[in-house]
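The values are calculated or read from the model by the stated rules, or taken from the named source; none is laboratory data. Only a predicted model underlies this, so the values are computations on that prediction, with no experimental measurement involved. Cβ sites come from the backbone with ideal geometry, for glycine too, and all protein chains shown count toward neighbours. What goes into the accessible areas is simple: the full protein's heavy atoms, side chains included, and nothing from ligands, DNA or RNA. Shrake-Rupley method; radii C 1.70, N 1.55, O 1.52, S 1.80 Å.
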Amino acid sequence: MARAPERIASDPLSAGWALLADGDWGAARASFEGALAGEESPEALEGLSWAAWWLDDADAVFDARERAFRLYRKRGEPASAARMATWLAADQLDFRGAVAVASGWLRRAGRLLEPLEPGPDHGWLAFHEGYIAHLSGDTAKAGELGARAAEAGRRFDVPDLEMLGLALQGVTLVACAQVREGMRCLDEATATALSGDATVPIAGAWACCFLVTACAAVLDYERAFEWCDRIAEFAERYGSRYMLAFCRAEYGAVHLWRGRWTDAEEMLEAAVEDFTRSRPAMVGGPLIGLAELRRRQARGEEAARLLDRAGPSAAARLCRARLALDRRESRRAVELVERLLRQASPERRLERAPALELLVRARVARGELEEARVALESLREIERLVGTEPLRASAELAEGLLEAASGEHERARTVFEDAVDRFQRSGAPFEASRARIELATSLAALGRTELAEREATEALDRLLALGAEAEAERARRLLQGPIRSGGGDSGLPGVTRREREVLGLLAEGLTNRQIA
């Protein structure tokens, strides 16, 4: 990369912007600082803020943007001042997670832009307001503002704005379980991102991040992994620790799903480190991912400490509810999940699916079968809208648990078998093994001991290989107890099939009330 030393010396401001375009953040920062040494201008401060943004220097970002904001206002350039206010709002979210402060900066930007003719800055304001609406669960507002941003991008020929507006529309539609329409928007946005027309480098990466988030929401981890590769290439090219942290967190989630838990641990711990150093407000995601891994490894206390570090969120509450159910605290699990569902946006149906699946399990554990059936129907409604194999498998597993608890083991057997097959096709060995344990339990209740032993043994071997100690122990207990007593020769004279079923449930640790 030619830096033209004589140009930097004579025009450090122009050189700084050129160096920014080339991705040479350190040199760009030095050039802008050189320009400011001669005269403090808002343009040099704006450029310095972007160099500091890429270098993850939060203090320098806020200082430079706020000074640029004041100077643009003093100079009588409201559109430029509004631009600084808009990006300060984004910075408050990125670096500090301060939604209220971010909203305040957006209101200031809106007042500055209100008397002006529409332009690109109005579109950027719409996008950032829409993103906050999306985070807050206001899907109608998020979709409307995303469409407005995309239209402004097309009208004023700003590809960055168009792609991000489309991406915001898409991820909002997916959250509302309108997956086909949402993915169309996201595909269009990412096609623009890959065309290289964006002028703000981070815009293309953000568009891809929206797509990865949507893929993860519908459990399409194969597609999420592919797009993470694209973002990782961007992160390497531009030296973005922030984007690398995002990728590592998503890679960790994919590895967790695929049963590559050592890789998942490595990626999630690296994401925690990268976010801590670049965007501390975003560290909660990989911390919750690590907590879920520790939960599956039967390291519950460590998982709880990680959730404490992550802070309050819907994902953290869901993990706490799973921990409660692991500890046989089914009442607490129900309370946590119902609290989560009460506070969730009713329109964002897809986000309710994992909570509903857990609610079915917790209700069944308490013997509250009618309530479990209501939760299952809500889960099935979402699954029919989304239609992905992993989500269908989760619904089948939940249905099988309810059928088995109702004594309908033949029906439970068929849905458990379907769940096992779908999880296997989706590359999810942990989930497939959980379904196998339930399948083996119903097979034992039907007196089909040989098949039950085969399924339980397969589950045990896979769970031991994963390091999933708690679920492995369930498989061991099943092999040592209910399967041995569940066949035609139970070893217990005069014991009926129903009595063997009760013995099996006792072996799993259920109380008399839960069995009833």
**OP:** Can you grab the distance from the C-alpha centre of segment 408-467 to the C-alpha centre of segment 86-106, Å, no decimals?
**Re:** 48 Å
Original post:
At a probe radius of 1.4 Å, what is the per-residue accessible area of Val420, in Å² to the nearest 10?
Top reply: 10 Å²
Subject >> Using alpha-carbon coordinates, inclination of helix 314-326 to the longest axis of the chain, degrees >> reply: 20 degrees
**OP:** Compute the acute angle (0 to 90°) between the alpha-carbon long axis of helix 429-445 and the principal axis of greatest extent of the alpha-carbon atoms of the chain; round to the nearest 10°.
**Re:** 20 degrees
Subject >> Linear extension gain, Arg411 paired with Ser136, 0.36 nm per residue minus alpha-carbon span >> reply: 94.9 nm
Subject >> Cut-off 15 Å between beta-carbons: net charge of the residues surrounding Gly252, Lys and Arg +1, Asp and Glu -1 >> reply: -3
**OP:** Please find the FRET efficiency linking Leu369 to Glu117, where r is the Cβ-Cβ separation and R0 is fixed at 56 Å, and quote it to the nearest 0.05.
**Re:** 0.35
Subject >> Dipole moment magnitude, nearest 20 debye, the chain about Cα centre, only Lys, Arg, Asp, Glu C-beta charged >> reply: 1580 debye
**OP:** Kindly provide log₁₀ I(q)/I(0) values, in the same order as q = 0.10 Å⁻¹, from the Debye equation applied to equal alpha-carbon scatterers of the chain.
**Re:** -0.81
Original post:
Glu33 versus Arg339, label points 7 Å from Cα toward the beta carbon: distance in nm?
Top reply: 4.8 nm
Subject >> Counted charge near Pro120, where neighbours are those whose Cβ lies closer than 10 Å (Asp, Glu -1; Lys, Arg +1) >> reply: -1
Original post:
Protein chains only, probe 1.4 Å: how do Thr199, Thr190, Thr449 rank by accessible area, largest first?
Top reply: Thr199, Thr449, Thr190
**OP:** Could you work out how far apart the two model spin labels at Arg476 and Arg331 are, taking each label as a point 7 Å from the Cα in the direction of the beta carbon, and quote it in nm?
**Re:** 3.0 nm
Subject >> Nearest-0.05 FRET efficiency for Arg154 and Glu389, computed from C-beta distance (R0 25 Å) >> reply: 0.10
Subject >> Gained length - Arg75 relative to Asp187, 0.36 nm times residue gap less alpha-carbon distance >> reply: 36.2 nm
Subject >> Tilt relative to the chain, helix 78-91 - C-alpha long axis, 0 to 90 degrees, to 10 >> reply: 30 degrees
